[in-house]
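Colleague: Submitted below is the structure of interest, expressed as structure tokens.
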Number of protein chains: 2
Amino acid sequence: MKQQPLISKSALAQRFREVINPAFVIEDSETQKPYECDGLSVYTEMPLLVVLPDTVAQVQEVMRICHHYQVPVIARGAGTGLCAGAMPSPDAVVLSLARFNRILEIDPRSRTARVQPGVRNLAISEAASEQGLYYGPDPSSQIACTIGGNVAENSGGVHCLKYGLTVHNILELEMITVEGERVVVGSQGLDSAGYDLMALMTGSEGLLGVVTEVRVRLLPTPEVAQVVMVAFDSVQKAGDAVGGIIAEGIIPAGLEMMDGYAIQAAEAFAKAGYPVEAEALLLCEVDGTREEVEEHLARVESLFVELGAIATRVSHNEEERALLWKGRKSAFPAVGRLSPDYYCMDGTIPRGQLTHVLTEMQKLSDHYGLRVANVFHAGDGNLHPLILFDANVPGELEKTEEFGARILELCVEVGGCITGEHGVGVEKIRQMHSQFNDQELSLFHAIKHAFDPRGSLNPGKGIPVLKRCQEYRSLDHIDEPSTAGGTH
Amino acid sequence: MKQQPLISKSALAQRFREVINPAFVIEDSETQKPYECDGLSVYTEMPLLVVLPDTVAQVQEVMRICHHYQVPVIARGAGTGLCAGAMPSPDAVVLSLARFNRILEIDPRSRTARVQPGVRNLAISEAASEQGLYYGPDPSSQIACTIGGNVAENSGGVHCLKYGLTVHNILELEMITVEGERVVVGSQGLDSAGYDLMALMTGSEGLLGVVTEVRVRLLPTPEVAQVVMVAFDSVQKAGDAVGGIIAEGIIPAGLEMMDGYAIQAAEAFAKAGYPVEAEALLLCEVDGTREEVEEHLARVESLFVELGAIATRVSHNEEERALLWKGRKSAFPAVGRLSPDYYCMDGTIPRGQLTHVLTEMQKLSDHYGLRVANVFHAGDGNLHPLILFDANVPGELEKTEEFGARILELCVEVGGCITGEHGVGVEKIRQMHSQFNDQELSLFHAIKHAFDPRGSLNPGKGIPVLKRCQEYRSLDHIDEPSTAGGTH
């Protein structure tokens, strides 16, 4: 059952002003406007209040106040997320970590950095570069997104094939519980005693606690990185080639794929020299020492030719490499020019299913009469189909959402997963039923209950109400939202 | 409060015989004898019954029966664990997964293997070797230990510095809950939706469920591996050199350290050509392509000399490499020859604290009048001090245990952790209070309660009773064991 807040909005704002600089307690709707959505801007809501504390003690106070008055809390990083995981709610306080933007320590001997959650992903690598180190996961929003948001969504990026997701690149988290208690999870070592609460927190979308400090692992900057662009006359051949390279025992730093639509759009936009007649393009990056990269690139290139490539091109310097990546990196906005609107999906499939899934997706595209451009992290099977649509055509948004849902269900059918790196949030909460049965969802609810018994943290995101409870509710005509964070 | 079983031993055995081949329901104490302890043989107890199911359906039945009659269950792999995590209890059923020993699938395209939990760690690599693949984590017991036990303890090994612990090398688990339900956690992709229950299960020491299938990641076998042996005239210099190498941006496949005692013992035993006059020895393995290894080795060797090495020796072929490792691998039994008994500790410290911790450990050694030999995974700060003692000298075992506890507390004091790869089990349950405060332990209890509300799975291991509850109990003179799995 939903908690009723025990305090008025203005009284709550007053309570916050007693513990936070009043300039950072945002009550008026105009100043609140930038917080109405995250990067998935089709979902918008206004918050009750927005607060921007800047010390751990202040975060604890905010949590204690909200707990005391039964007010839900939605933690927020840079708001670049793509699943509406940080979407506000009119009855909840948005707790922005934007002012937690200090890099506290970079230790080259332990190859770690201790940073506040509001530090931008790329800022960590920039600060560590003097020491020849960098932070591995590189979501495409890395200029803007924050490490706290990365932890919340377990973000990936082009290089996670070789270097792993966020969870593989962090060691320790300081977090504040729903009651305002400070706890530390994980450890400075590889292992930690007790249950792996650090991994549990990572990807938990703000449903279990508020992260106030992150100790990340740093990696040595590779001596050199080079990319080979490989063109194919069919997506099937490209899909098969991805599996072929991986099976060969090479772990590329990145292995990206684009289909015909995406190639044409990216080339028109970025002039990267992509072959526009190709049906599929792979970008395969190899990094390491100069010798290793040369050897691997030669092997990769000849293997791609064996596997049916119609053209290959290797970058010979940083400029050429940057140009080849420019096309890929601008593919989303470039595809945007093909169509008034597009919807970027995110799902994962076993690599061996690439060809099958691409074929099925084409059938769905025909069925719905909506074009789809495919841009994805092929090496780790993380798809990002972009559905092209026109929101001004009545019914087309709904058709797009249905098409998107079918793509996610297709991912599950072939043994994959409804998310690759964007998370579940509000966007995919219904597809959680395709992925998990009620038994599995019950475990999620039990975990949620262990951390947040009243369901006050980011309600309505991540974990859906059990099917049997939905049915029960609909039988009884109980009027409740279709999603719930904490109770079932 | 402790649950009372609702069935007699013989009636329970009879119930099991209805679902499992009766030859695999062990009731008599003589046949039960091999199950009385795990690898930490100072802790022994007899089980109530031992069962060895060999299908998932049978495991589900065992769990349902035990749940129904309120009988605790202790899952067991090969019993090679070193923290008494699989120690039986006279009121609990030991569920051995020894017959779950089939490799179900090796898929080179997705670079994964699907295996049953009773498969030996090394057997996976042997089976995958035809495809040029292997399984990364390599605990020193890898000939005997099983992947199910590795998951339970989140096992590491010599190569986890570069390739990670068990949790970094598995993708998906099938598990049976305490109620006998089958659930799948994790996914075939890098990411999975919902909370990271796969990571939560890994290292949970059988307290949350019984694993019946594991999907592991496989790595491409490196083209070549070479090791350099480096001698120092002080442990301090060796400790500093470890940090120096890591800071240089090289990730060795393994970086092991031995002190004077360990060197002498290992050399007397294995004749590996170790310089017995050295105070500390590092073994640094580099793997990759031939070119990469040559380049890295040269850099590593000259860096070690700069950092004060008094001698270095590089392996030039597989034979020499095997010989250099032979000393390290036989160090435990070799040290055993220096003393009637030894106790192998396991803790982790931040790499930068190596020198400080070694100095403090020497002071403790003097204080307790007990010699300590140090053999450890230096690269990831995982210490394995071996305390030498004589169990026949009255009081010496107790003094050893106290010394060991002090070492673990020292690890915590410098920002480290009371386990590196052996787990907590019974052995370190009291030190959990040094590592975690009651708030943090409360979260662990809440997690336990989410999976196993009655505390029926591996009771008395892993997570201690809260301090405030212990005090409460001692006030009320309530007679309960000092450790508890599920209730507090």
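Colleague: For segment A:103-220, just the Cα set please: Rg and Dmax, both in angstrom.
Modeller: So, for segment A:103-220, Rg and Dmax equal 13.1, 41 Å respectively.
Colleague: How would you rank A:155, B:141, B:41, B:234, going from fewest to most other Cβ atoms within 10 Å of each one's own Cβ? The partial results should precede the final answer.
Modeller: Details: A:155 31, B:141 20, B:41 12, B:234 17.
Going from sparsest to densest Cβ surroundings: B:41, B:234, B:141, A:155.
Colleague: Shifting gears a bit: Would you calculate, for chain A, the mean residue ellipticity at 222 nm contributed by helices, counting each DSSP H stretch of 4 or more residues as -39,500 (n - 2.57) and dividing by all residues, to the nearest 500? Don't skip to the answer; put the middle values down first.
Modeller: Numbers: 17 runs with 170 residues, N = 488.
Dividing the helical sum by the residues of chain A leaves -10000 deg cm²/dmol.
Colleague: List the relative contact order of segment B:9-96 as a percent without decimals, with contacts defined as Cα pairs under 8 Å and 6+ residues apart. List each step's numbers first, then the result.
Modeller: Numbers: 149 pairs, mean separation 31.4, N = 88.
Reported relative contact order: 36 percent.
Colleague: Among A:240, B:346, which comes first, then next, by fewest other beta-carbon atoms within 10 Å? Don't jump to the answer; show the numbers that get you there.
Modeller: Working: A:240 18, B:346 28.
Placing the least packed residue first, the sequence is A:240, B:346.
Colleague: Label-to-label distances across copies for residue B:10, with labels 7 Å out along Cα→Cβ, in nm, shortest first?
Modeller: Label point to label point, same position, other copies: 7.9 nm.
Colleague: Please compute the net charge surrounding residue A:166, taking Lys and Arg as +1 and Asp and Glu as -1 over other residues with Cβ under 10 Å from its Cβ. Present the calculation step by step, with values, prior to reporting the outcome.
Modeller: Details: positive: none; negative: A:153, A:421, B:191.
Here the charged neighbours net out to -3.
Colleague: Looking at the square roots a ≥ b ≥ c of the eigenvalues of the Cα gyration tensor of segment A:224-333, which shape do they give, rounded for a/c under 1.5, prolate if a/b is larger than b/c, or oblate?
Modeller: oblate
Colleague: Pop the C-beta distance of residue B:467 and residue A:439 into the FRET formula with R0 = 30 Å and round what comes out to the nearest 0.05. Present the calculation step by step, with values, prior to reporting the outcome.
Modeller: On the way: r = 35 Å, r/R0 = 1.16.
Computed FRET efficiency for residue B:467 and residue A:439 comes out at 0.30.
Colleague: What number of lysine-lysine pairs in chain B show an alpha-carbon separation below 17 angstrom, given a sequence spacing of 8 or more or placement on distinct chains?
Modeller: 10
Colleague: If the only charges are +1 at each Lys and Arg Cβ and -1 at each Asp and Glu Cβ, what is the size of the charge dipole of the protein assembly as shown around the Cα centre, to the nearest 20 debye? Before the final figure, lay out each step's value.
Modeller: Details: 80 positive and 130 negative charges, 279 e Å.
With Lys and Arg at +1 and Asp and Glu at -1, about 1340 debye.
Colleague: Which Cα, out of B:201, B:239, B:302, lies furthest along the positive dipole direction of segment B:197-323 (beta carbon charges, K/R +1, D/E -1)?
Modeller: Value: B:201.
Colleague: For B:255, B:82, which order do you get if you count the other beta carbons within 10 Å of each Cβ and list the fewest first? Provide the component values of the computation, followed by the final result.
Modeller: Working: B:255 26, B:82 23.
Ordered by Cβ neighbours within 10 Å, fewest first: B:82, B:255.
Colleague: For segment A:239-357, what's the relative contact order in percent, using C-alpha pairs closer than 8 Å and at least 6 residues apart?
Modeller: Values: 111 pairs, mean separation 43.0, N = 119.
Taking the mean separation of contacting Cα pairs over the length of segment A:239-357, I get 36 percent.
Colleague: Another question, then. From a point 7 Å beyond the Cα of residue B:101 in the direction of its Cβ, which residues of segment B:144-178 have a backbone N at a distance under 14 Å?
Modeller: Flagged as within label range: B:144-148.
Colleague: Another question about this same structure. Applying the Karplus parametrisation 6.51 cos²θ - 1.76 cosθ + 1.60 with θ = phi - 60° to the phi angles of segment B:370-386, what ³J(HN,Hα) value in whole Hz is obtained for each residue in order, glycine and proline being reported as x?
Modeller: Working through the residues one at a time gives 10, 6, 9, 9, 10, 9, 7, 6, 5, x, 9, x, 8, 7, 10, x, 10 Hz.
Colleague: With point charges of +1 on the Cβ of Lys and Arg and -1 on the Cβ of Asp and Glu, referenced to the Cα centre of segment A:436-476, which listed residue (A:464, A:443, A:453) lies farthest in the positive direction of the dipole?
Modeller: Positive-most Cα among the choices belongs to A:453.
Colleague: How big is the Cα convex hull of the protein assembly as shown in projection, averaged over all directions, in nm²? Kindly include the intermediate steps, with their values, before the conclusion.
Modeller: On the way: hull surface 160.5 nm².
The orientation-averaged projected area of the Cα hull of the protein assembly as shown comes to 40.1 nm².
Colleague: Next up: Measuring from a point 7 Å past the Cα of residue A:223 along Cα-to-C-beta, which residues in segment B:230-255 have an amide N at less than 19 Å?
Modeller: Output list for this probe position: B:245-254.
Colleague: Another question, then. Is segment B:46-148 best put as rounded, prolate or oblate by its Cα gyration tensor, with a ≥ b ≥ c the root eigenvalues, rounded for a/c under 1.5, and otherwise prolate when a/b is larger than b/c, oblate when not? Don't jump to the answer; show the numbers that get you there.
Modeller: Values: a/c = 3.50, a/b = 1.81, b/c = 1.93.
Oblate, because a/c is 1.5 or more while a/b does not exceed b/c.
Colleague: Report the full-extension gain for the segment residue B:398 to residue B:251: residue separation times 0.36 nm, less the Cα-Cα distance, to one decimal in nm.
Modeller: Values: separation 147, 0.36 × 147 = 52.92 nm, distance 3.96 nm.
This chain segment gains 49.0 nm when fully extended.
Colleague: Hey, another quick one. Dipole size in debye (nearest 20) for chain B around its Cα centre, Lys and Arg Cβ +1, Asp and Glu Cβ -1? Don't skip to the answer; put the middle values down first.
Modeller: Values: 40 positive and 65 negative charges, 194 e Å.
Dipole of chain B, to the nearest 20 debye: 940 debye.
Colleague: I need the shape label for segment A:279-323. Rule: rounded when a/c is under 1.5, else prolate if a/b > b/c, else oblate, with a, b, c from the alpha carbon gyration tensor.
Modeller: On the way: a/c = 2.53, a/b = 1.29, b/c = 1.96.
Note, shape of segment A:279-323 comes out oblate.
Colleague: Sticking with this one: When DSSP beta bridges are limited to those with both residues in the protein assembly as shown, what percentage is antiparallel, rounded to the nearest 5?
Modeller: On the way: 116 of 132 bridges.
Close to 90 percent.
Colleague: Counting alpha carbon pairs within less than 8 Å and at least 6 residues apart, what relative contact order, in whole percent, applies to chain B?
Modeller: After rounding, I find 13 percent.
Colleague: Just how large is the dipole of segment A:339-413 about the Cα centre, in debye to the nearest 20, putting +1 at every Lys and Arg Cβ and -1 at every Asp and Glu Cβ? Numbers along the way, then the final one.
Modeller: Numbers: 5 positive and 12 negative charges, 55 e Å.
Charge dipole, segment A:339-413, about its Cα centre: 260 debye, nearest 20.
Colleague: Binning at 10 Å from 0, report for segment A:9-96 what percent of all alpha-carbon pair distances ends up in each bin.
Modeller: P(r) for segment A:9-96, in whole percents per bin: 19, 54, 26, 2.
Colleague: Now a separate question. Please compute the modelled spin-label separation between residue A:129 and residue B:326, points set 7 Å along Cα→Cβ, answer in nm with one decimal.
Modeller: 5.0
Colleague: Just to be sure I understand the model, the point goes 7 Å from the Cα along the line to the Cβ. What's the resulting residue B:271 to residue A:11 distance in nm?
Modeller: In this crude spin-label approximation the distance works out to 8.6 nm.
Laboratory data are not the source of any read-out in this text; all were calculated from the coordinates shown. All figures in this text were calculated on a predicted structure; none of them were measured in a lab. Here Cβ is always computed from backbone atoms with ideal geometry, including for glycine, and neighbour counts include all displayed protein chains.
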